[in-house]
Every structure is written in C-alpha cells, then in structure tokens.
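Enquirer: Here it is: the structure, laid out below.
The values are calculated or read from the model by the stated rules, or taken from the named source; none is laboratory data. Everything quoted here is computed from the prediction, not taken from an experiment. Note that each Cβ is placed from the backbone with ideal geometry, even for glycine, and that neighbours are counted across all protein chains shown. Protein only, heavy atoms only, side chains kept; ligands, DNA and RNA dropped before computing areas. Shrake-Rupley method; radii C 1.70, N 1.55, O 1.52, S 1.80 Å.
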Amino acid sequence: MPSRIDATFARARAENRSVLVTYVMSGDPDPETSLEVLTALPGAGADILEFGLPFTDPMADGPAIQAAGLRALKAGQTVSGTLDLVRRFRAGNDTTPVVLMGYYNPIHTYGVDRFLDDAVAAGVDGLIVVDLPPEEDAELCLPALGKGLAFIRLATPTTDERRLPAVLANTAGFVYYVSITGITGTATPDFGKVSEAVARIRRHTELPVVVGFGVKTGAHAAAIAEGADGVVVGSALVDALVRSLNGEGRPQAGSVGAVTELVRELAAGVRSAGVGRAA
C-alpha cells in the first residue's frame, strides 16, 4: 500500500493541483487547543499536517515559531505529549499525513529507537529534522526509513549542484525547498526564482517538491503552486493563532476559527493554480 504521503500527492496530481502543507506548533498555546487546531485543519483544506516539536533553541525558525515553541514548553508540552496528540488525532482521522518537524536534541534525549517506535505507533508518517545533515544519516535518517517513516530533507537557495545529490540521497516523501535565505516568516520569496529552483531540483529527483518559508496569503500560495507540487505555510498560521489569544495568552472562542479561516484562503489559492508537473 502507498504511504499516506504518497497517496496524498497522487490524489492531488489526479486533480491537477498542488497540495497545501500546514504547520502548527504542538502544544501552542496549550495541548488541547493545539489538538483542536490540528483536527480542524483537514476540513479547512490542509492536505498534509506538519506538527512542530517545541525546542528551546531552534536555528531555522523566525520570531513567530520561536515564540510558539516557548509558549508550548511553558504549557508543559513534551515529546511524549506531542506523540499523544498525534495518537488522539488519529482516532478520528486515519488518512491525513502527519509529519513531525523539529530538531534533533529532543529526539536524542527521548531516545532514537524509542522515539521511532512510539512515532510509528502514534501514526506519524514522516520527520523533518532540520539540523541533521546527510553526513549524519546513520544517526536518525536511516533508522527512520527502516521503520517506514519518510525522512524529509530541506534544500535551500544555497544548495548547489554538487551538494544536491547528497541532500536527496535518502530523502523520502517529498523534498522541502526553502524559498528564502534566512529564517521562517521574515521575507516574501521571489516567485520567479522559486520556480527556477524547483525545476532544477526536479532534474535530480522524482519526489514531489514543496516550497515553504515566507508564504503568507492565498495569492502567495497560488504563485508558488503554479510551479511546485506543494506549498507549506507555518508562520502565518502561528501568527493568526496568537492574534486570537486574549491578553493572558489564552485561547478564546474564535481561536481555532482564526487559523482555519486563513487555511481556507490558502487552500483556495493553491487550488486556483494548475500543478506545476503533469499528472
């Protein structure tokens, strides 16, 4: 059977469209609210869910996601707590892929073998661990692949032709192209250059190529979707959530709706553009 990730891209290709990948932080602003948000995302148009593992010292995340991680940690979120939320999500949704995104330190502290076994049991489909380069594949990537988890690698504007084969060697699920040089949520990508970069990556792989960092609106999503297999949005969703919180940082009646309203706009943008690679 194809994986949930493979099945999602196949379904999108059959519909001649790109996929929408949404990122939210596990445990932000508290575990129960983050589960409500996660559960609501597919109905709003999200095809693949990235669920952040909160960490005190992220290296690729901008202010919005850094703050989300700190809120989650303050609320008591842990690796085991994140896996429990995925498990609870799976009780009502067995089709939408869930990818955990974060850094190696919490996984290493939890224990690699234990983490992988628990992730599979919870219903996780893939991992994005941004601070483990290909030279460290034996640390987590290869064991993850051996358990049936996709290990999704990031390519960047500075990943040149000599480096790209190493980046792609053990990548599975999809390739995540970082559209800007910098951290998440801080700049708007040059859409023409992004399309050129996606085409360059496709010459090296049959995997779908999705694009993230800097996508904030439905118009941005549509522009990216014209040349890519998927669009990732994270910081804008985190910002939508935090703007909905009260003065004490607690969720209100419209907090989940604030996120799903933006997801609907993004999904409409993605679906308004034809997919960049023929079915």
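Enquirer: Suppose we keep only residues that are assigned to a loop (DSSP other than H, G, I, E, B) and hydrophobic (A, V, I, L, M, F, W, C) within the range 105-157. Which one would you say is most open to solvent (accessible area, probe 1.4 Å)?
Expert: Checked the range 105-157; the qualifying residue most open to solvent (accessible area, probe 1.4 Å) is ALA138.
Per-residue answers, yes or no, for (1) of a type outside the set (A, V, I, L, M); (2) in a helix (DSSP H, G or I); (3) touching an Asp or Glu at 6+ places or on another chain (Cβ under 9 Å):
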{"residue": "GLU196", "(1), (2), (3)": "yes, yes, no"}
{"residue": "GLU206", "(1), (2), (3)": "yes, no, no"}
{"residue": "VAL210", "(1), (2), (3)": "no, no, yes"}
{"residue": "HIS220", "(1), (2), (3)": "yes, yes, no"}
{"residue": "VAL238", "(1), (2), (3)": "no, yes, yes"}
{"residue": "ALA253", "(1), (2), (3)": "no, no, no"}
{"residue": "ALA258", "(1), (2), (3)": "no, yes, no"}
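Enquirer: How many of the residues making up the range 35-79 are out of contact with any strand residue (DSSP E or B) (no Cβ under 8 Å at 6 or more places or on another chain), β-branched (Val, Ile, Thr) and open to solvent by less than 60 Å² (accessible area, probe 1.4 Å)?
Expert: The qualifying residues number 1.
Enquirer: Within the range 258-279, which residues are small (Gly, Ala, Ser) and either surrounded by 15 or more Cβ atoms within 10 Å (Cβ to Cβ) or at pLDDT below 95 (or both)?
Expert: Passing the criteria: ALA258, ALA267, GLY269, SER272, ALA273, GLY274, GLY276, ALA278, ALA279.
Enquirer: Something else: Hey, among the residues in the range 206-221 that are within 16 Å of GLY269 (Cα to Cα) and out of contact with any strand residue (DSSP E or B) (no Cβ under 7 Å at 6 or more places or on another chain), which one's modelled with the lowest pLDDT?
Expert: GLY214
Enquirer: Being in contact with a Phe, Trp or Tyr (Cβ under 9 Å, 6 or more places away or on another chain) and either under 12 Å from TYR176 (Cβ atoms) or in a helix (DSSP H, G or I) (or both) is the filter here; which residues of the range 222-236 pass it?
Expert: If the condition is that a residue be in contact with a Phe, Trp or Tyr (Cβ under 9 Å, 6 or more places away or on another chain) and either under 12 Å from TYR176 (Cβ atoms) or in a helix (DSSP H, G or I) (or both), then ALA223, ILE224, ALA228, ASP229, GLY230, VAL232, GLY234, SER235 are the ones that fit.
Enquirer: From THR82, THR95, grab the single residue that is surrounded by 18 or more Cβ atoms within 10 Å (Cβ to Cβ) and within 19 Å of the chain's Cα centre (by Cα).
Expert: Working: THR95 fails: surrounded by 18 or more Cβ atoms within 10 Å (Cβ to Cβ).
Of THR82, THR95, the one residue that is surrounded by 18 or more Cβ atoms within 10 Å (Cβ to Cβ) and within 19 Å of the chain's Cα centre (by Cα) is THR82.
Enquirer: Run down THR82, THR22, THR33, THR39 and say which single residue is touching a residue at least 24 places away in the same chain (Cβ under 8 Å), in contact with a Ser or Thr (Cβ under 6 Å, 6 or more places away or on another chain) and hydroxyl-bearing (Ser, Thr, Tyr).
Expert: THR82 is the lone residue from the list that is touching a residue at least 24 places away in the same chain (Cβ under 8 Å), in contact with a Ser or Thr (Cβ under 6 Å, 6 or more places away or on another chain) and hydroxyl-bearing (Ser, Thr, Tyr).
Enquirer: Name the residues in the range 227-253 that are acidic (Asp, Glu) and open to solvent by less than 30 Å² (accessible area, probe 1.4 Å), would you?
Expert: Answer for the range 227-253, where residues must be acidic (Asp, Glu) and open to solvent by less than 30 Å² (accessible area, probe 1.4 Å): just ASP229.
Per-residue answers, yes or no, for (1) of a type outside the set (A, V, I, L, M); (2) part of a strand (DSSP E or B); (3) at negative phi:
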| residue | (1), (2), (3) |
| --- | --- |
| ILE5 | no, no, yes |
| ALA12 | no, no, yes |
| VAL24 | no, yes, yes |
| PRO29 | yes, no, yes |
| THR56 | yes, no, yes |
| ALA68 | no, no, yes |
